[in-house]
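> Mind looking over this structure? Questions follow.
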Amino acid sequence: MWPAAVVSATVLTPVVVTDCFIQSAYNALAEVPIVRGMESGAANAFQIAKLNIVCAKLLLKKSLRIATRQVERRGGVGKVVQDAAGWTLDRALHPIETVGMTINGIQYGWGALQNLLNQEDDLSSNLQ
């Protein structure tokens, strides 16, 4: 569940916040004088910035807590560094597998990004 929360906080929150900001600015400028609309837009932008800062702090604190637990679970920093060095050496000694893993990772990431964009398109078309 934690990876889904990280993705939601880092990717989806700015998208939703930006959409809300644009919609509220458009509505404010359509119905009231420009100066009042600009003041409302600035206030909304300030609130959105505060929300992003709070989300980033929460994400950082939770990530640090989880990283600390993972390091303790694996036997300390020395053991983690030793495992990372072993993995790096293994990847250096098997370059063909490394290239294959890299290509598979890029393909998976590209597919996930396309799925996200398709869901966003579906969501925006359903709202209209």
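> Scan (1) at pLDDT 70 or above; (2) open to solvent by 60 Å² or more (accessible area, probe 1.4 Å) for the single condition Met1 breaks and write down its number.
For Met1, the failing item is (1).
> Output the residues belonging to the range 85-105 that are surrounded by 11 or more Cβ atoms within 10 Å (Cβ to Cβ) and of a type in the set (Gly, Ala, Ser).
Gly100
> Now, a different point. Conditions first: (1) over 28 Å from Pro14 (Cα atoms); (2) surrounded by 13 or more Cβ atoms within 10 Å (Cβ to Cβ); (3) under 28 Å from the mean Cα position of the chain (by Cα). Gln82 passes all but one, so which condition is the exception?
Unmet condition: (3).
> Out of the range 9-43, which residues are modelled with pLDDT under 75, among the small types (Gly, Ala, Ser) and open to solvent by 50 Å² or more (accessible area, probe 1.4 Å)?
The answer is Ala30, and nothing else.
> Search the range 9-31 for residues that are closer than 16 Å to Leu117 by Cα and of a type in the set (Val, Ile, Thr) and pair each with any residue that is modelled with pLDDT of 70 or more and in a helix (DSSP H, G or I) when their beta-carbon atoms are under 6 Å apart and the residues are at least 6 apart or on different chains.
Between residues of the range 9-31 that are closer than 16 Å to Leu117 by Cα and of a type in the set (Val, Ile, Thr) and residues that are modelled with pLDDT of 70 or more and in a helix (DSSP H, G or I), the close pairs are Thr13/Cys55.
> Here is a further query. Check whether at least one residue in the range 106-122 is exposed (fewer than 11 other Cβ atoms within 10 Å of the Cβ), closer than 30 Å to Ser24 by Cβ and among the charged types (D, E, K, R), and report yes or no.
yes
> A further question follows. When residues of the range 45-82 are filtered for being at pLDDT 90 or above and within 30 Å of Gln23 (Cα to Cα), how many remain?
0
The values are calculated or read from the model by the stated rules, or taken from the named source; none is laboratory data. Being a predicted model, the structure only gives us computed values, none of them experimental. Neighbour counts run over all protein chains shown; Cβ positions are idealised from the backbone, glycine included. Surface accessibility is based on the protein's heavy atoms, side chains included, excluding ligands, DNA and RNA. Shrake-Rupley method; radii C 1.70, N 1.55, O 1.52, S 1.80 Å.
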